[in-house]
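Beneath this line is the structure, given in structure tokens, with notes to follow.
Read-outs: derived from the displayed coordinates by stated rules, not from any lab. Just so it is clear, the model here is predicted, and its values are computed rather than measured. Note: ideal-geometry Cβ built from the backbone for every residue, glycine included; neighbour counts use all protein chains shown.
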Amino acid sequence: MTVASVPLADITARAIRVLCREIGVVNTARFLNQFTTGFGNYAEERDQIIGDPTVDDLVAEIQQRRKKASRSRKTARKPTRPTRR
């Protein structure tokens with residue numbers, strides 16, 4: 001028995017169409033995502049973005065964010081006066 005060779009790109013496209021039809025676009029994307037590899041160097045990128053903070057730096061940032069969130073909640077709770085016409 002002889003089987004015609006089909007290009008891998010055609011097989012992939014057909015498989016994606018079948019998956020989309022059977023399990024939906026979102027689940028197809030989730031399924032395919034598990035087979036893709038990332039790129040770049042996560043450790044280098046993390047160091048560029050975050051740097052090398054100390055525990056004290058992190059605690060200070062958490063406290064600052066909590067204060068800011070607390071202030072914004074307080075201002076959001078202030079009742080507004082009805083306008084008179």
2 or more residues over 25 Å from the mean Cα position of the chain (by Cα) and not aliphatic (A, V, I, L, M): qualifying helices (runs of 4 or more DSSP H) within the range 19-85:
55-77
Hey, could you check the range 1-18 for residues that are surrounded by 11 or more Cβ atoms within 10 Å (Cβ to Cβ) and not aliphatic (A, V, I, L, M) and say which is farthest from the chain's Cα centre (by Cα)?
Arg14
